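The values are calculated or read from the model by the stated rules, or taken from the named source; none is laboratory data. Here the structure is a predicted model, which is why all the values come from computation and not from measurement. Methodologically, a virtual Cβ is constructed for each residue, glycine included, from the backbone with ideal geometry; neighbour enumeration extends over all protein chains shown. All accessible areas refer to the heavy atoms of the entire protein, side chains included, with ligands and DNA or RNA removed. Shrake-Rupley method; radii C 1.70, N 1.55, O 1.52, S 1.80 Å.
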Amino acid sequence: MLYNMKALLEKARESSWAVGSFSVANMEMVLGVLKAAEETQSPVILQIAEVRLKQSPLEIIGPLMVAAAKNASVPVAVHFDHGLTIDKIKQALEIGFTSVMFDGSHLPLEENIAKTKQTVELAKEYGAAVEAEIGCVGGSEDGSKDIAINCTSPAQAVEFVEKTKVDALAIAIGNAHGNYKETPHLRFDILEEIKSSVDVPLVLHGGTGILPEEFVRCRENGIKKINIATATFDNVQQSVRRAYEEGNISGYYDLQAAEVEGAYRNAIKHIEIFDCAGKAHLI
Ligand code: 13P
């Protein structure tokens, strides 16, 4: 069932669970994530970032994601992650994505606000939700840049939400994309201040490598969407490698099954930590 992302996040706000937003690059990852969501009866978000379209063109993977969501027995939102250009955001909306992110975190605040407002106006025409980012999450989605972490200013978060009317706000509290060099310890003081000052669901990027107990504290303090990308890609690779080492691959379709299995196991693990299992019926 294809759902607007707002419906999932607003329901999660009523309690302490959060929705997993899993980055996918091919059909096998889509199948693995949805198998986990259906088995655990969890709402889920499928996403792809603009920088990943080099490998997975939007006009091909986009319709696949939307079709898979429609075909699923649980609520699934399809999200365009880290949109950088209005053109690509519009293309995602045309394809049927139910949520888009405009990432202006690298821009001066006023410009981030102006471009986010433009995205909100555009998404309205399609009935889709909008996520934006303020402060800077470290690293970059495809590892091509080593962006420094710049924690979100709670005062700027208030101004940003008031002026843009976004549906979800991604914040920086010590989180970064990719595998962390050292175990991250998030700034819960900043999270709590933002949570008490803005009235929107918050988003945590850079989910790979965050400790389970920190995820729990996040979801108890207003984080309602948690992005996981690197862990999915790593788990798919490891699953395939293990299947070869154990002699379980004797043809292409065994390889395909190992990919699905890797994405499935990773999604199951996170759905449990996010306490999202069994929540599908609430939406
Ligand atoms: P990770 O690759 O660290 O899981 O980050 C995912 C993410 O935030 C995608 O936007």
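Compute the helix-to-body angle for 109-126: its Cα long axis versus the longest principal axis of the chain, expressed 0 to 90° and rounded to tens.
60 degrees
Can you return the aspartates and glutamates within cross-link range of Lys88? Criterion is Cα-Cα under 20 Å, with same-chain partners fewer than 8 residues away left out.
Lys88 reaches Glu50, Glu59, Asp103, Glu111, Glu121, Glu125, Glu131, Glu133, Glu141, Asp142, Asp167.
For a test of the definition: using alpha carbon positions, the gyration tensor, and the 1.5 limit on a/c, classify the range 1-122 as rounded, prolate or oblate. List each step's numbers first, then the result.
Working: a/c = 2.08, a/b = 1.35, b/c = 1.54.
Oblate, since a/c reaches 1.5 and b/c is not below a/b.
For Leu255 and Asn179 in the same chain, what is the full-extension length gain: residue separation times 0.36 nm, less their Cα-Cα distance, in nm? Please report the intermediate quantities before stating the final value.
Values: separation 76, 0.36 × 76 = 27.36 nm, distance 2.50 nm.
Result: 24.9 nm gained on full extension.
Place a point 7 Å from Cα of Ala7 in the direction of its Cβ. Which residues in the range 116-142 have their backbone N less than 20 Å from it?
123-131
Determine the dipole magnitude for the range 232-283: charges of +1 sit on the beta-carbon of Lys and Arg, -1 on that of Asp and Glu, nothing else is charged, the reference point is the Cα centre, and the result goes in debye to the nearest 20. Intermediate values should be presented prior to the final figure.
Values: 5 positive and 8 negative charges, 28 e Å.
In total the dipole reaches around 140 debye.
To the nearest 10 degrees, how steeply does helix 58-71 sit against the main Cα axis of the chain, on a 0 to 90 scale?
Long axis of 58-71 versus the principal axis of the chain: about 80 degrees.
Per residue, how large is the accessible surface of the range 1-59? Use a 1.4 angstrom probe and give square angstrom.
Numbers: 2100 Å² over 59 residues.
On a per-residue basis, the range 1-59 sits at 36 Å².
Packing-wise, with mean Cβ within 10 Å as the measure, how do 245-257, 42-54, 114-126, 204-216 rank, highest first?
The packing order, highest mean first, is 42-54, 204-216, 114-126, 245-257.
Sorted by accessible area (1.4 Å probe), largest first, how do Glu133, Glu39 line up? Could the numbers behind the result be given before it?
Numbers: Glu133 5, Glu39 110 Å².
Result of the area sort, largest leading: Glu39, Glu133.
Would you kindly derive the ³J(HN,Hα) couplings of the range 77-90 from the backbone phi angles with the Karplus curve 6.51 cos²θ - 1.76 cosθ + 1.60 (θ = phi - 60°), listing them in order in whole Hz, with x for Gly and Pro?
Per-residue couplings from phi come out as 9, 10, 10, 8, 8, 6, x, 10, 10, 5, 4, 6, 4, 5 Hz.
Listed here are the pairs Lys115/Lys145; Lys35/Lys269; Lys165/Lys225; Lys124/Lys145; which of them are more than 24 Å apart at the Cα?
Values: Lys115/Lys145 22 Å; Lys35/Lys269 13 Å; Lys165/Lys225 17 Å; Lys124/Lys145 32 Å.
In this structure, Lys124/Lys145 lie more than 24 Å apart at Cα.
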